[in-house]
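The values are calculated or read from the model by the stated rules, or taken from the named source; none is laboratory data. None of these values were measured; they are calculated from a predicted model. So basically every Cβ, Gly included, is an ideal-geometry build from the backbone, and we count neighbours across all protein chains shown.
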Amino acid sequence: MVGLISVQLFYSKELKFSIMKTRTYQLVTYFLFALLCFSSCQDEITDVDTPNEQETILADSVLANLITSTSANYGAYDDVLDNSSCFSVDLPVSILVNGTPVTIDTEADLETWLSEQNTNTNVIDFEFPITIIFSDYSEFTIENQEELQGFVDSCEVNATDSITCVDFSYPLSFSVFNTGFNLIETLVINNDESLFSFFNSLENNQITLIVSLNFPVSLQYTNGEVIEINTNEELTEAIQAAEENCAIGNYDCVEDEILINLMSCPWRFTDGSDNFENYSLLFNADNELQISEGLATSAIGGNWSLSTSEAGVTLAISELTAFEDSLEGEWIVTECEEGSISLQLGDEHLVLTKECNDVTPFSCFSNYEITECTLVNNSPVFNLSANTIGLVDCNAVFTATFHSSLIDAETDVNPIENTKAYEALTAQVYLRIEDENGFYEIYSITLITSECDSFECFQSFDAVLETCYTDATVLYEFNLPLAFANCTPSADNVTYYETLADAEAETNTIVTPEVYNTAELNSTVYTRVEINNQVDIFPIQLNVINCNAGSCTEGDIEGILTQCQWHIASYNGSDNLMDYNFDFEEDSGIVVIYTDTIIIDASWSTLQTNEGVVIEFSNVAGPNVQAINGNWLVVECTAAQLVLHNVNDSSNEIVIDRNCE
């Protein structure tokens, strides 16, 4: 028996199709060659009976479209590799699994590899370039991960028309007739791509032909069932039934995410009745399932597992000690949210709702990234302590453990011992947060190694120390460690020298750099810094200045201070206080000192002395900025900037700039 499809075929030397693969052209060319032979081989044509209406399938009919959808490329089978159901990766392909090279040659190789792997803990990277294949078998070459991610992000699974729960058993035989129902050629098709291309190429042509599928044919469902088809009507019904069954799953639901979500809290569940109103599900890491009722001390036991197939993510529940008829079986995940999961098994529906109200909330925690450049034996070393990633700010009673793999975190084994100096072997570790009730969540900690620049702080500014000039013949005193005070804590060793040659040779060290004296008005000393067995040298400029420079009087100072806002440009040569701003109020004696998050009401006043104008700050209570309390001599005065030296210690300097915006 044959099923017939009426099509129109147009042939020219410029014939083009919407598919990219060369082997697709071979099939269509073969078909066209048979058509051309028809005009010169009329004596070989065989007459057949005219088919009735039920045997004829028109182009673009329901059955024609079903056959095309069934033979479209199925892009979800390799989602563990490319994270997209919109396309598949052309095999063979080379990948790196946790840094180890692996080559996947065939789909069978992929299935075997998946069965042997714990994909939850694998980090998979492609060795580019790769080729991806879309549902219509068109191809595109991908050169890098960023380009691949663009296709993944733009994927709309529902836009694909492939039917994935049924396959044809090949080979299939097609007969081609002209409008007089004379047999022109018989074609044999051996795979999905050829079948898809054959039907796709027949839709927009201009010479009317009739193509028939020679029955019987066999269809195989994903559950292994094979059925024999003998008519067009049977074929239509069989494919439609398969399409309905495989439309259950939601391909946006990812197995790994559901796995972590299920184990984070107990779950209430309902099948639409009141049968399970007081029950909760607890998914343990050892695949043990517990169903408890209220405050009951005993629970119904069973097993659970997750898997991914063409139908989507499946939650299998088995070996229950009760509710076997209602709950056991393989439930397809149809919807997945952080707080709810919807399941379907045949005509039955089950809705799970997360129940974390009676346990410590985990909303304070999240995934983290840690960037580190510290190297030990050429390996990056990270501080994984709870304080480092901000866990001390979470007001909760919990235990935190770090693990090098997800499976270790889930089963709470092999915790990382030296968290404060973890020598990274992988690019990711896992944080297990468990509350006092035994419930837990797992978060990924991404470890990023940056290029180390140990001397970045020292290079960030020019160190200058200043003191006031006096007419008397004296030695001028400088506190050299103040120059790089905010950088030296990170150094292993810091020493000071009067010449660059001494600093390079590490000779004639200045013994008491805190009270270094010099008679020179302008000079340079050198700081030798050692960090991680590396050495660099930085100059410190020493200046003796006229502290009464300028013509600013007390009235001038008060006038310019109250005209605009001011901010601290530097404090002892550093930018530690640069976030602080000043608003000097006229007559009230109040100065408002503020940042984006802090407001301080302090006091200020001025005094004219023989040395110059003195500004007094008092009641300054704030982080670090309290250091400005006291009397400060104005040593430089312009309308846009004031330089202040502490009256009791001239080596302490504040520079404030005016901001009139």
Of the residues in region 171-184, how many are touching a helix residue (DSSP H, G or I) at 6+ places or on another chain (Cβ under 8 Å) and either crowded, with 18+ Cβ neighbours inside 10 Å or at pLDDT 85 or above (or both)? 4
For region 598-613, which residues satisfy the criterion of being at pLDDT 90 or above and either in contact with a Lys or Arg (Cβ under 9 Å, 6 or more places away or on another chain) or crowded, with 19+ Cβ neighbours inside 10 Å (or both)? Ala602, Trp604
Right, Ala322: modelled with pLDDT of 75 or more, among the small types (Gly, Ala, Ser) and not in a strand (DSSP E or B) or not? yes
Any strands (runs of 3 or more DSSP E) falling wholly within region 467-540 and containing at least 1 residues that are under 52 Å from the mean Cα position of the chain (by Cα) and buried (at least 16 other Cβ atoms within 10 Å of the Cβ): 476-478, 493-497, 522-531
Please go through (1) modelled with pLDDT of 80 or more; (2) out of contact with any strand residue (DSSP E or B) (no Cβ under 8 Å at 6 or more places or on another chain); (3) under 20 Å from Pro266 (Cβ atoms) for Leu295 and return the number of the only condition it doesn't satisfy. (1)
Collect the residues in region 580-592 that are crowded, with 16+ Cβ neighbours inside 10 Å and either under 46 Å from the mean Cα position of the chain (by Cα) or of a type in the set (Val, Ile, Thr) (or both), keeping them in residue-number order. Tyr580, Asn581, Phe582, Val591
Residue match in region 549-558 (condition: on the phi < 0 side of the Ramachandran plot and in contact with a Leu (Cβ under 6 Å, 6 or more places away or on another chain)): no
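Conditions tested, residue by residue: (1) under 21 Å from Asn576 (Cβ atoms); (2) modelled with pLDDT of 95 or more; (3) not β-branched (Val, Ile, Thr).
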position: Ala472; (1), (2), (3): no, no, yes
position: Leu475; (1), (2), (3): no, no, yes
position: Thr488; (1), (2), (3): yes, no, no
position: Val535; (1), (2), (3): no, no, no
position: Val544; (1), (2), (3): no, no, no
Of (1) out of contact with any strand residue (DSSP E or B) (no Cβ under 6 Å at 6 or more places or on another chain); (2) surrounded by fewer than 16 Cβ atoms within 10 Å (Cβ to Cβ); (3) modelled with pLDDT of 85 or more; (4) more than 20 Å from Thr553 (Cβ to Cβ), Thr595 fails just (2)
